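The values are calculated or read from the model by the stated rules, or taken from the named source; none is laboratory data. Predicted model only: the values in this text are computed from it and were never measured. Cβ coordinates were reconstructed from backbone atoms using ideal geometry, including for glycine residues, and neighbour counts include every protein chain displayed.
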Amino acid sequence: MKDVSIQELKEKAIELRKTAITMIHEAKSGHPGGALSAADVVAALYFKEMNIDPKNPKWEDRDRFVLSKGHVCPIQYSALALQGFFPYETIHTLRQYGSILQGHPDMKKCPGIDISTGSLGQGFSCGVGMAIAGKRDEKDYRVFVMVGDGETQEGQIWEAAQTSVKYRLDNLVVFIDDNGLQCDGACEDIMPNQDIEKKFNAFGFETKRINGHSMEEIVETLDYMREAKNGKPKCIVLNTVKGKGVSYMENVAGWHGVAPNDEEYKQAMEEIAGGLE
């Protein structure tokens, strides 16, 4: 854990959002809505909470981060770029042929990616495996997993949850990015998922629901979860807004997988630079 102020983390979250939107705009492809909703937790993890070394991405004792909802990878790529895992100018190659920054995280191409993800439901299981390995090897590292709210409808999520409890993985923290919007192929359906917290509680997780855009709440909750070595895996359900920080994207399912045009990009960058309301 690093000694970083709340204000510094808020500024990092702004930089993450600006970088992610720039990547998606230039690629003319990507998923801005879910990237923006996850930005504040990603900032807290990469710039304060996680024990990582950009110069040694495969360090055995590092904390692990699994972006189970891998389609929002521009927000993770932004954190890796700002931390120095690869040259910042690489962000301009998102989704290009041969780039290390593909449309879903690729651990064989991109430094700092702990597991390739994209098939929804599978990342959580991979995180559980990492946490089991940490316990077996008597390591102190922790594993953080980011799951989308719609992703929790996959049965594999709950099989992973059962395994987490069985093996008493108190070195595992799963975040549910509960932005309340799920979409079909046409991105038209709005399907709120309101029972996630109750389900994880029932399975035996240490569970808490917080404002996923309040850096104060995020840091306070991470501090608590870090000290709760009670044999229970942790679940933090995040009340978030899809597209947070860009007025025309907020709570609009249609911005799930659409890149902004030049005019929309300019407005987005101006609004993000102004900070969250």
- Note on the structure: By residue number, the members of region 255-277 that are among the charged types (D, E, K, R) and under 22 Å from the mean Cα position of the chain (by Cα) are Glu271, Glu277
- Message: If Gly180 meets every condition in (1) modelled with pLDDT of 95 or more; (2) on the phi > 0 side of the Ramachandran plot apart from one, which number is that one?
- Response: (1)
- Matching residues in region 73-128 (surrounded by 24 or more Cβ atoms within 10 Å (Cβ to Cβ) and touching a His at 6+ places or on another chain (Cβ under 7 Å)) number 2
- Note on the structure: Here the residues within region 129-142 that are under 19 Å from the mean Cα position of the chain (by Cα) and either within 17 Å of Leu45 (Cα to Cα) or aliphatic (A, V, I, L, M) (or both) are Met130, Ala131, Tyr141, Arg142
- What do you reckon, is Ser78 out of contact with any Lys or Arg (no Cβ under 9 Å at 6 or more places or on another chain) and of a type outside the set (D, E, K, R)? no
- Message: I'd like the full set of residues that are in a helix (DSSP H, G or I) and touching an Asp or Glu at 6+ places or on another chain (Cβ under 6 Å), limited to region 7-51.
- Response: Ala13, Ser37
- Inspect all residues belonging to region 220-230 and state whether any of them is of a type outside the set (D, E, K, R), under 30 Å from Gln162 (Cβ atoms), touching a strand residue (DSSP E or B) at 6+ places or on another chain (Cβ under 6 Å) and assigned to a loop (DSSP other than H, G, I, E, B). yes
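What's the total number of residues in region 258-277 that are surrounded by 17 or more Cβ atoms within 10 Å (Cβ to Cβ) and either in contact with a Cys (Cβ under 6 Å, 6 or more places away or on another chain) or more than 20 Å from Ile6 (Cβ to Cβ) (or both)?
The qualifying residues number 8.
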- Query: Which of the following residues is in a helix (DSSP H, G or I) and surrounded by 14 or more Cβ atoms within 10 Å (Cβ to Cβ): Gly254, Gly245?
  - Reply: Gly254
- Note on the structure: Picked from region 98-136 (must be in contact with a Cys (Cβ under 7 Å, 6 or more places away or on another chain) and free of Cβ contacts under 8 Å to residues at least 40 places away in the same chain), the residue nearest to Asn171 (Cα to Cα) is Pro105
- Query: Which of (1) among the aliphatic types (A, V, I, L, M); (2) in contact with a strand residue (DSSP E or B) (Cβ under 6 Å, 6 or more places away or on another chain); (3) free of Cβ contacts under 8 Å to residues at least 60 places away in the same chain is the odd one out, the single condition Ala35 does not satisfy?
  - Reply: (2)
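Conditions tested, residue by residue: (1) at pLDDT 95 or above; (2) β-branched (Val, Ile, Thr).
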residue: Leu169; (1), (2): yes, no
residue: Phe175; (1), (2): yes, no
residue: Pro192; (1), (2): no, no
residue: Lys199; (1), (2): no, no
residue: Thr221; (1), (2): yes, yes
residue: Lys232; (1), (2): yes, no
residue: Ile236; (1), (2): yes, yes
- Message: Considering only residues that are buried (at least 21 other Cβ atoms within 10 Å of the Cβ), part of a loop (DSSP other than H, G, I, E, B) and more than 15 Å from the chain's Cα centre (by Cα), which ones fall in region 143-170?
- Response: Leu169
- Query: Just for region 265-277: of the residues that are in a helix (DSSP H, G or I) and in contact (Cβ under 8 Å) with a residue 24 or more places away in the chain, which one is farthest from Ile14 (Cα to Cα)?
  - Reply: Tyr265
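Which residue is nearest to Gly118 (Cα to Cα), if the candidates are limited to region 254-272 and must be of a type in the set (Gly, Ala, Ser) and modelled with pLDDT under 95?
Gly257
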- Filtered residues of region 119-142 (kept if assigned to a loop (DSSP other than H, G, I, E, B), within 22 Å of Gly212 (Cβ to Cβ), in contact with a helix residue (DSSP H, G or I) (Cβ under 7 Å, 6 or more places away or on another chain) and not small (Gly, Ala, Ser)): Leu120
